[in-house]
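Data first, discussion second: the structure below is written as C-alpha cells.
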Amino acid sequence: MAGKEEHVIRLSIVTPYKKFFENDVSSVVINTIDGQLGFMPGHPPLIVALRPGVSHFVMGNETKYFTLSEGYCEVSDDKIMILCNAAEFPDDLNPRRICRSYSESMASIKKAREIEDRTAREVLVGEYEQAIDRARARRHLIEQYGTVHQKERIADLVKEYGWTDTF
C-alpha cells in the first residue's frame, strides 16, 4: 500500500465562500491563461493564473468534472492549491441562472464598449468578458457532464435566451 500513496498528490480547491474540495488525487487538469495544463505527482513547482473553464481530477478509478473561475493555482512538493472565485460540480449549477448571467453580461458588455473613459471601459469590458467566460464554462460542464434533466433544461434555455455561440 505504501507504493500506492506515492502516486497521489493533495489537491485543495478553495473559494472565498468555502473549501470546495480537498483530497488526494492522481492527476488534475485545469484551464490557465496559457492553455490547459495537467499535473501529476512529482510535477515541478509552478504558479499559474486560471481562466474559467471545465477542469477535472482523477481520484481512484473516478474522474470528477467541475468548473473553476478566475484565480491561481500553486503546485509545490506534494500538493496543488487552487484559490479561485468559484468552483462548481455539475449538480451545483442552475441552468436558468447560467443563461441569465450570459444574457445580462452580453447586454452589459455592449454598453460598456461605448464608455468614453478608456480605463473605465477596459475594466468593465474585462469584468463582463470574465462573466461571459464563466457562463460558457458552466454551460459546457452541464452539456458534457450534467444530468439528463440538466442537459435538457440547458438546451431549452439556450434557445429561450437566444444564446448562439457554441464550443
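Can you pull out the strands (runs of 3 or more DSSP E) entirely within segment 1-91 that have at least 2 residues that are surrounded by 20 or more Cβ atoms within 10 Å (Cβ to Cβ)? Explain how you work it out, then say what you get.
On the way: elements: 9-14, 19-25, 27-32, 35-39, 46-50, 53-59, 62-68, 71-76, 79-84.
Per the criteria, 9-14, 27-32, 53-59, 62-68, 71-76, 79-84.
Just to be sure I understand, how many residues within segment 32-67 are in contact with a Leu (Cβ under 8 Å, 6 or more places away or on another chain) and in contact (Cβ under 8 Å) with a residue 60 or more places away in the chain?
Going through segment 32-67 one residue at a time, the tally reaches 6.
Here is a list: Q150, Q130. Which entry is more than 17 Å from the chain's Cα centre (by Cα), in contact (Cβ under 8 Å) with a residue 24 or more places away in the chain, in a helix (DSSP H, G or I) and within 30 Å of V25 (Cβ to Cβ)? Step through it out loud before you land on a result.
Details: Q130 fails: more than 17 Å from the chain's Cα centre (by Cα).
So the residue among Q150, Q130 that is more than 17 Å from the chain's Cα centre (by Cα), in contact (Cβ under 8 Å) with a residue 24 or more places away in the chain, in a helix (DSSP H, G or I) and within 30 Å of V25 (Cβ to Cβ) is Q150.
Specify which of the listed residues (A135, A120) is part of a helix (DSSP H, G or I) and modelled with pLDDT under 95.
A120
The values are calculated or read from the model by the stated rules, or taken from the named source; none is laboratory data. Every value quoted in this text rests on a predicted model; they were computed, and no experiment measured them. A quick note on method: Cβ atoms are made from the backbone with ideal geometry, for glycine too, and the neighbour counts reach across all protein chains shown.
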